[in-house]
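J.: Okay, here's the structure, questions in a sec.
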Ligand code: AMP
Ligand code: GLY
């Protein structure tokens with residue numbers, strides 16, 4: 001069968017890579033794709049902000065399945081548009097993608113369905129900012145309502161800072177465009193967990209758990225980014241907690257969306273804070289995470305295409321997904337300046353020398369081909385991903401591969417997985433002193 005993958009990041013490269021492993025797939029088209037995806041499928045240009053352009057492409061290519069990577073086409077209704085033309089597409093409808101596209105919809109939905117989340121207030125009037133903030137203790141989290149590529153969440157140490165942030169969102173000085181509604185939220189502490197599930201509108205199947213590293217600097221310092229690295233191990237989520245999350249978060253979300261007439265099909269990404277008062281949903285995403293997907297799919301042993309089709313067909317209860325035991329780790333190599341301004345078009349060397357084995361894959365996040373040479377084309381450039389029996393080994397493999405790759409200004413965090421490593425060191429210390 002022929003599969004069309006929409007998008008051009010590391011997530012989409014990992015999706016195309018995993019789709020290519022399916023015995024049922026004979027042809028992959030990536031739109032627009034990137035330098036790495038060009039090695040897996042045929043890349044064709046498309047504007048993923050234009051429903052018309054994507055539909056035209058799908059009608060011309062006639063794929064048996066369209067896999068939508070990014071949130072923007074989902075929130076614009078690409079799945080509805082393709083389905084209306086009889087083209088099978090994996091992902092939520094426009095109505096269901098609201099769980100990600102509107103933070104206010106998500107917060108009110110969680111309130112309606114008793115899904116644990118941080119206490120919050122909604123503010124729609126710049127003159128009411130101070131009144132809205134009055135009941136919150138510092139630090140305070142201020143969030144823009146719509147999609148803002150990770151830039152719409154501000155963690156403010158003090159109330160005056162929160163007031164300034166809220167004003168900056170309303171007047172457009174922070175995001176470039178004016179925001180009409182904001183969410184103000186209590187600040188939660190704890191470990192974050194990306195709990196991604198597949199849903200077919202009624203059933204829920206959890207994927208391997210993972211943890212992202214959002215801050216640009218080592219030790220979780222500096223500006224928020226799209227994600228600097230991620231790891232996945234089974235130890236990060238025991239069976240009891242997995243069942244709790246299914247029962248109290250994922251299943252009520254899917255049931256609630258169905259009851260509200262917007263059944264959720266696709267990847268339900270629950271961004272959780274494992275806080276002292278229990279897991280709390282920080283946000284929903286309506287798609288695979290980036291770079292979570294790189295770590296999750298390198299651990300997937302069963303056929304991804306079967307699972308994606310089961311999500312479309314409502315038959316997720318009939319399939320079993322199996323996962324490589326052990327760990328996966330993905331380290332993102334970035335352009336100098338990211339998440340601020342950076343230059344593009346720098347040649348990348350060492351990609352061949354960094355030869356991929358079965359256990360290491362170099363996913364391209366922001367690259368393109370220029371006269372046959374792979375060059376940088378984004379802030380996040382590569383996601384070097386490795387699997388191994390332990391997290392230490394997976395990280396060792398990823399960093400060893402990264403050491404052989406170069407482009408001007410390359411930087412990456414050297415402490416991916418540090419929380420898990422610290423925890424396992426603490427456990428080892430307790431065991432040896434006993
Ligand atoms: P979001 O896009 O809502 O997931 O927020 C992006 C990041 O901001 C999250 O991954 C957290 O690191 C942080 N964050 C969001 N909401 C909160 C909160 N209520 N308390 C603490 N940190 C938060
Ligand atoms: N890694 C965070 C996200 O995909 O939203």
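The values are calculated or read from the model by the stated rules, or taken from the named source; none is laboratory data. This structure is a prediction, so every number in the text was calculated from the model and none was measured. Cβ coordinates were reconstructed from backbone atoms using ideal geometry, including for glycine residues, and neighbour counts include every protein chain displayed.
J.: Can you go through 364, 406 and tell me which one is crowded, with 21+ Cβ neighbours inside 10 Å and either at pLDDT 95 or above or over 30 Å from residue 301 (Cβ atoms) (or both)?
T.: The match here is 364.
J.: In this structure, does residue 288 turn out to be under 21 Å from residue 100 (Cβ atoms), in contact with a helix residue (DSSP H, G or I) (Cβ under 6 Å, 6 or more places away or on another chain) and away from ligand 2 (no atom under 16 Å from the Cβ)?
T.: When the stated conditions are applied, residue 288 does not pass them.
A quick yes/no check of all residues on (1) within 19 Å of the chain's Cα centre (by Cα); (2) surrounded by 19 or more Cβ atoms within 10 Å (Cβ to Cβ):
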| site | (1), (2) |
| --- | --- |
| 45 | no, no |
| 55 | no, no |
| 66 | yes, yes |
| 76 | yes, no |
| 79 | yes, yes |
| 90 | yes, yes |
| 112 | no, no |
| 116 | no, no |
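J.: Mind listing whichever residues of segment 139-173 are touching a residue at least 40 places away in the same chain (Cβ under 8 Å), in contact with a strand residue (DSSP E or B) (Cβ under 9 Å, 6 or more places away or on another chain) and either away from ligand 1 (no atom under 12 Å from the Cβ) or assigned to a strand (DSSP E or B) (or both)?
T.: 140, 141, 142, 143, 144, 153, 166, 170
J.: Which of the following residues is within 16 Å of ligand 2 (Cβ to nearest atom), in contact with a helix residue (DSSP H, G or I) (Cβ under 8 Å, 6 or more places away or on another chain) and at pLDDT 95 or above: 268, 282?
T.: Selected residue: 268, the only one of 268, 282 that is within 16 Å of ligand 2 (Cβ to nearest atom), in contact with a helix residue (DSSP H, G or I) (Cβ under 8 Å, 6 or more places away or on another chain) and at pLDDT 95 or above.
J.: Return the pairs, sorted by first residue and then second, in which the second residue is assigned to a loop (DSSP other than H, G, I, E, B) and surrounded by fewer than 22 Cβ atoms within 10 Å (Cβ to Cβ), the first residue lies in segment 24-45 and is in contact (Cβ under 8 Å) with a residue 60 or more places away in the chain, the beta carbons are less than 6 Å apart, and the residues are 6+ apart or on different chains.
T.: Cβ pairs passing all conditions: 24/1; 25/1.
J.: Still on this model: Would you be able to say whether some residue in segment 231-247 is surrounded by 23 or more Cβ atoms within 10 Å (Cβ to Cβ), within 13 Å of ligand 2 (Cβ to nearest atom) and over 30 Å from residue 128 (Cβ atoms)?
T.: Taking every residue of segment 231-247 in turn, at least one turns out to be surrounded by 23 or more Cβ atoms within 10 Å (Cβ to Cβ), within 13 Å of ligand 2 (Cβ to nearest atom) and over 30 Å from residue 128 (Cβ atoms).
J.: For segment 202-303, which strands (runs of 3 or more DSSP E) that fit wholly inside it have 2 or more residues that are more than 29 Å from residue 378 (Cβ to Cβ) and within 13 Å of ligand 1 (Cβ to nearest atom)?
T.: 265-275, 278-285
J.: Same structure, new question: Which one of the conditions (1) more than 16 Å from ligand 2 (Cβ to nearest atom); (2) part of a loop (DSSP other than H, G, I, E, B); (3) surrounded by 15 or more Cβ atoms within 10 Å (Cβ to Cβ); (4) at pLDDT 95 or above does residue 179 fail to meet, given that it meets all the rest?
T.: (4)
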